[in-house]
Amino acid sequence: MNSPVILRIMRYAAKSSNPKQQQTNGYQPLLAVCRSWRLVLLKYLCSEYTVRFSLSDGSLIGSYGLWPTNIEHNPGSSGFGYITKLNIEVDYNSIFNGTAVHAMLYNLNDSFSFPAAHTMYINIEHCEEDFNVESYDYESQAHVLARHLRRIAPAVKNMFVKYCAYNNIKHLPTGDSFANLLSGLYRNKVRSYLEIQRNDFYTPVNPYIAHSLTDIVCIWNISTCQHSLCLIQNSANTLRRLKLTCVGHYRGTIVQLFWNSHGQLVTYPKVEYLSFGATFECEYNSMRSNLPHHRPFPKLKCLYLESTYPFGDDILFRGNEGTLEYLCIRPDLETLEVLDSLGVFASGRYKSLRYIKVLEQPMECGKSMQLDHMWAAMVSQFVHRASSALQTITIHNKQAGEKLVCALVHSFHMTNLQILDLPCSLFSLADLIALVKAIPALTELHCMSAGVGNDYSGIPHSQLADYMRKNYYPLNRSFKRWHICHDYTKPLMFAGQAESMVACALLMSVVCPRFTSVLCDYTDKDRFNSIIQLALSRNPHGKYNSHLVRLMH
């Protein structure tokens, strides 16, 4: 039996009429079909389990994450053998006052075991209750808890630890106990993930974890960057994913990622995912890295820059021309000029680059119309030159998107582009015809619609569909889907605009053989469908009615 195929069939059959309702009502009869089906379904419904330590009474509360709420009796401990993902939720204080260990010892027996679990998520939360932990042997408690967690799930190879607690523990003489807890949890793991959501993590906790991590997610600011740096550089040779949430004036310190305490250059040879996020920014002048020959991320595949590019040169792009596949960037004018002057994306160097996403311009670029135009033109040029291997382009700026389309129409070099996501850009039927013709592999387009426009005003409305089919069919045999985005800066569409938008979609379906799917934003969906229904009722035997029916959603 092909279990994945059977499972997909059963999940489809059990799907609720309400797509937002996660716990569906269709699984119960499927469990009773036959033994084989029941086994396949149990493996799915029992695959995820959460254990929560209750601070109030020291008990453990367990629940299956995917088990439907309408089925009263879950398998209990008999389903533990199917669990592959184990979630542990525990508060900081319970770890060190012994409550968590006592709860584990009370429940520890042969049935409280998860032999098939390969992944464990531990969420360390905050508890408002204060404890005098000086009266406890907190270091011993941390060791014992780590040992018991390894015991109940001996096959775990992927360990995810998320720390989001406030530290209200006073006069803690050392943070080694917490570091030892993490080292115990990460021992002999293939993947070791640590996410730190609180700045005060570094105050009572020793960041020198005696284990090399594969994933680090943490905060970077002036007050804690030295501690973050130690944590990151201790795992430089094993780290695969690094995500920094940058706060405040951080650019002057971020260059320290590339220098260790001995003044030696640091390379991250295995990092494939690098992200610089930002809560807010108080500065706009980049800090030059001043490392002209250093290549710190030679295996980088995904670069996500939610903040503006933090360097004044191309240091993040060096040595990864053959590996970089995904780029999300919020470039300011200086960054665009630097990348252009250094020829970072010149001559098709990035042959593996498949996805580019350009976020909205930084605040300083939007201070004048002239700067807006300059930024949009440079973004368009930057994306257009990036790589002919691109499969997906996303730009969240009206002018930049429209300038890019103009360049694409005249160059015909994006032969691999499949998805073009320009939600803020506006195009008429003539624009769409030229665009879809210029990109033969395009399957999906996201943009606003200007309707049919005036380019075909000389052709009678009743003859326009026949004219388009005669002169353009087949325009593009790949194009399938058009997401018509709504302009939320303007009031709702009036009837004439909506009718022109429907006519535009119909004409695109006439010239593109595989185009059958239109998706409108919720504000326009009902009006779009009602116009189609009205057209069908007025002319029930129309030549292109089958096209209209396929466009309804």
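The values are calculated or read from the model by the stated rules, or taken from the named source; none is laboratory data. Keep in mind that what you see is a predicted model, and the values were worked out from it rather than measured. Every residue, glycine as well, gets a Cβ built from its backbone with ideal geometry; the counts of neighbours run over all protein chains shown. The accessibility values were calculated without ligands, DNA or RNA, using every heavy atom of the protein model including side chains. Shrake-Rupley method; radii C 1.70, N 1.55, O 1.52, S 1.80 Å.
Output the pairs from Lys357/Lys490; Lys85/Lys301; Lys189/Lys351; Lys243/Lys490; Lys43/Lys270 with a Cα-Cα distance over 29 Å in this structure; if there are none, say none. Display every interim value, and only then the final one.
On the way: Lys357/Lys490 25 Å; Lys85/Lys301 27 Å; Lys189/Lys351 34 Å; Lys243/Lys490 37 Å; Lys43/Lys270 34 Å.
Beyond 29 Å: Lys189/Lys351; Lys243/Lys490; Lys43/Lys270.
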Expected unfolding gain across Val266-Arg481 under the 0.36 nm per residue rule, minus the alpha-carbon gap, is 72.8 nm
If the label point sits 7 Å along Cα→Cβ of His413, residues of region 328-353 with amide N under 14 Å come out as 344-351
With point charges of +1 on the Cβ of Lys and Arg and -1 on the Cβ of Asp and Glu, referenced to the Cα centre of region 32-114, which listed residue (Leu42, Ser111, Gly65) lies farthest in the positive direction of the dipole? Leu42
Please give me the summed charge of the neighbours of Gly451: other residues whose Cβ is under 15 Å from its Cβ, Lys and Arg +1, Asp and Glu -1. -3
Once you list every other residue whose beta carbon is under 11 Å from the beta carbon of Arg385, what net charge do they have if Lys and Arg are +1 and Asp and Glu are -1? 0
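Excluding Pro440 itself, what net charge comes from residues whose Cβ is under 15 Å from its Cβ, given Lys and Arg +1 and Asp and Glu -1?
Combined, the nearby Lys, Arg, Asp and Glu give +3.
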Test of understanding: what is the full-extension gain from Ser59 to Leu105, defined as 0.36 nm times their sequence separation minus their Cα-Cα distance? 15.5 nm
Column: log10 I(q)/I(0), Debye, Cα scatterers of region 392-472, q = 0.23 Å⁻¹: -1.11
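Take the solvent-accessible surface of the protein heavy atoms, probe 1.4 Å, and return the percent of it on region 333-404 that carbon and sulfur atoms account for.
Answer for region 333-404 is 53 percent, counting heavy atoms of protein chains only.
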According to the square roots a ≥ b ≥ c of the eigenvalues of the Cα gyration tensor, what is the shape class of region 439-506, taking rounded for a/c under 1.5, prolate for a/b larger than b/c otherwise, and oblate for the remainder? oblate
Label-point separation in nm, Glu195 to Ser457, each point 7 Å along Cα→Cβ: 5.5 nm
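Determine the order of Ser63, Ser235 by accessible area, beginning with the largest, at a probe radius of 1.4 Å. Intermediate results must be reported in sequence, preceding the final value.
Values: Ser63 60, Ser235 0 Å².
Sorted descending by solvent-accessible area, the residues read Ser63, Ser235.
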Residue-normalised accessible area of region 359-481, given per residue in Å² at a 1.4 Å probe: 45 Å²
Using only the Cα atoms of region 396-553, build the gyration tensor, take square roots of its eigenvalues as a ≥ b ≥ c, and label the shape rounded, prolate or oblate: rounded if a/c is under 1.5, else prolate if a/b is larger than b/c, else oblate. oblate
Cβ neighbours within 10 Å, averaged per peptide: list 375-387, 179-191, 461-473 in order, most packed at the top. 375-387, 179-191, 461-473
Accessible surface of region 434-553, 1.4 Å probe, proportion on carbon and sulfur as whole %: 53 percent
